[in-house]
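Taken together, the values in this text are just the output of simple stated rules run on the coordinates, not laboratory data. Quick caveat: nothing in here was measured; it's all calculated off a predicted structure. FYI the Cβ positions are ideal-geometry reconstructions off the backbone, even for glycines, and counts take in every protein chain you see.
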Amino acid sequence: MTDGFQEILLALRDEVVAFRKPVAYVHGDTHYFRIDKPFLNAQGVRLENFTRLETYGDNALNDTNDVNWIKVNVNPGSCEVFSFQTQVVPGNRVAVPPPTQP
């Protein structure tokens with residue numbers, strides 16, 4: 001049986017290696033926020049030019065609304081090119097409510 005997802009990841013990895021410039025891969029939908037560099041080349045060496053951004057998702061099963069957004073900055077003159085800023089939607093803060101104004 002062929003694993004189509006594995007084939008896509010291998011093809012993406014090959015393109016990232018060949019591109020040799022910073023790549024940002026953004027995905028989400030019922031996920032938790034994280035930024036990492038999960039790709040390894042065929043020899044097991046981390047691909048430093050690949051950054052994954054997994055966006056916030058809605059975890060409604062536990063009666064929370066964990067939906068926020070990420071601001072992505074692109075600076076071609078910097079080493080990393082991409083930087084990320086969490087943008088919290090005040091109305092969606094459940095675990096720690098927003099501070100009240102005096």
Q) At residue 36 and residue 17, where each label point lies 7 Å from the Cα along Cα→Cβ, what is the point-to-point distance in nanometres? A) 2.1 nm
Q: List every residue whose amide H lies under 5 Å from the amide H of residue 25, counting only residues 5 or more places away in sequence or on a different chain, with H placed 1.01 Å from N in the peptide plane.
A: 51, 52, 53
Q. Label residue 88 and residue 9 with points 7 Å out from Cα along Cα→Cβ: what is the distance between them in nm?
A. 3.2 nm
